[in-house]
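The values are calculated or read from the model by the stated rules, or taken from the named source; none is laboratory data. These numbers were taken from a predicted model, which means no experiment stands behind them. Note that we place each Cβ from the backbone using ideal geometry, even for glycine, and neighbour counts take in every protein chain shown. Note: areas computed on protein heavy atoms with side chains; ligands, DNA, RNA excluded. Shrake-Rupley method; radii C 1.70, N 1.55, O 1.52, S 1.80 Å.
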Amino acid sequence: MSVESMDELLLDELKDLYSAEKQITKSLPKLAKAATSPELKQAFESHLEETKGQIERLDRVFQILGKSSKGKMCHGMKGVLEEGAEVLEETEKGDLRDAALISAAQRVEHYEMAGYGCVREYAKILGQKEIASLLDETLKEEEAADEKLGNIAKQVNRLASQAAA
Ligand code: FE
Ligand code: ZN
Ligand code: FE
C-alpha cells in the first residue's frame, strides 16, 4: 500500500489530475477542429487556454508541497477521452456531431469537477489554505466550462434534431 495518510491521498489524486489535464490539452485541439458551430469551436479553444493555466496552477501546488507532479496515469480520463474520439467515427461533421461532442466534453468537465472538489476538501482539512484556494479556482473554471457547453447545446441540439437520418 502506497497511500497511507490523507497527505498521500492528496498527492496521489493531484498527480491523477495532472495527468488528466495533460491529456485534455492534447484532445481539445482535436475537438475544436471537429466542431462546426463557431461558438463550440471557440468554447473548446478558450478552454484549452484555461487548461494550460490549470496545469500551471497544479505546478504551483506541487511546488508548495515540494513534490513531483509525475508518476501517475489517469486511466479514467483516458477512457472518457477515448469515448470522445469515438464520436468522430460515429458521426459526420455537422450539428449532430456537435451535439455528441458536447456530450463527451461535459463528461470530461464532470469528471474534473469530481476530482477537484475532492482534493480541495482534502487540502482544506489538512490546513493547506493556499492549495485549497488554487484548486477552488480551477473547480470554478470547470463548472463555468460545463455551464457554457450546456448553453451552447440548446442551439446545437435544436439544429441536430432537424438532421435527417
Ligand atoms: Fe481542467
Ligand atoms: Zn483519474
Ligand atoms: Fe475542464
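List the residue pairs whose Cβ atoms are under 7 Å apart, where the first residue sits in segment 143-165 and is on the phi < 0 side of the Ramachandran plot, the second is open to solvent by 90 Å² or more (accessible area, probe 1.4 Å) and of a type outside the set (Phe, Trp, Tyr), and the two are 6 or more positions apart or on different chains. From residues that are on the phi < 0 side of the Ramachandran plot, the pairs are 146/110; 152/39; 160/96; 163/96.
For first residues located in segment 82-94 and closer than 14 Å to residue 33 by Cβ, partners that are open to solvent by 100 Å² or more (accessible area, probe 1.4 Å) and not in a loop (DSSP other than H, G, I, E, B) and lie 6+ apart or on another chain with Cβ distances below 9 Å form the pairs 84/30; 84/107; 85/30; 88/30. Checked against (1) within 16 Å of ligand 1 (Cβ to nearest atom); (2) surrounded by 12 or more Cβ atoms within 10 Å (Cβ to Cβ); (3) under 26 Å from residue 14 (Cβ atoms), residue 73 passes all but a single condition, namely (1).
Among 104, 99, which is the only one that is among the aliphatic types (A, V, I, L, M), farther than 18 Å from residue 24 by Cβ and open to solvent by less than 60 Å² (accessible area, probe 1.4 Å)? Quick ask: steps written out before the conclusion?
Values: 104 fails: farther than 18 Å from residue 24 by Cβ.
Matching residue, one of 104, 99: 99.
Selection of segment 46-56 for residues being surrounded by 22 or more Cβ atoms within 10 Å (Cβ to Cβ) and not polar (S, T, N, Q) yields only 47. Considering 20, 43, 35, the condition of being open to solvent by less than 50 Å² (accessible area, probe 1.4 Å), more than 16 Å from ligand 1 (Cβ to nearest atom), out of contact with any Pro (no Cβ under 9 Å at 6 or more places or on another chain) and closer than 18 Å to residue 145 by Cα is satisfied by 35 alone. Against the test of being among the aliphatic types (A, V, I, L, M), touching a Phe, Trp or Tyr at 6+ places or on another chain (Cβ under 7 Å) and surrounded by 13 or more Cβ atoms within 10 Å (Cβ to Cβ), the options 149, 139 yield a single qualifying residue, 139. The residues in segment 92-133 that are among the acidic types (Asp, Glu) and within 20 Å of residue 3 (Cβ to Cβ) can be counted, and the count is 1. Once segment 35-76 is narrowed to residues that are among the aliphatic types (A, V, I, L, M) and closer than 16 Å to residue 139 by Cα, the residue that is farthest from the chain's Cα centre (by Cα) is 61.
Being within 16 Å of ligand 3 (Cβ to nearest atom) and over 15 Å from the mean Cα position of the chain (by Cα) is true for just one of 120, 97, 107. Which residue is that? Before the answer, list the steps.
Values: 97 fails: within 16 Å of ligand 3 (Cβ to nearest atom); 107 fails: over 15 Å from the mean Cα position of the chain (by Cα).
Answer to the selection: 120.
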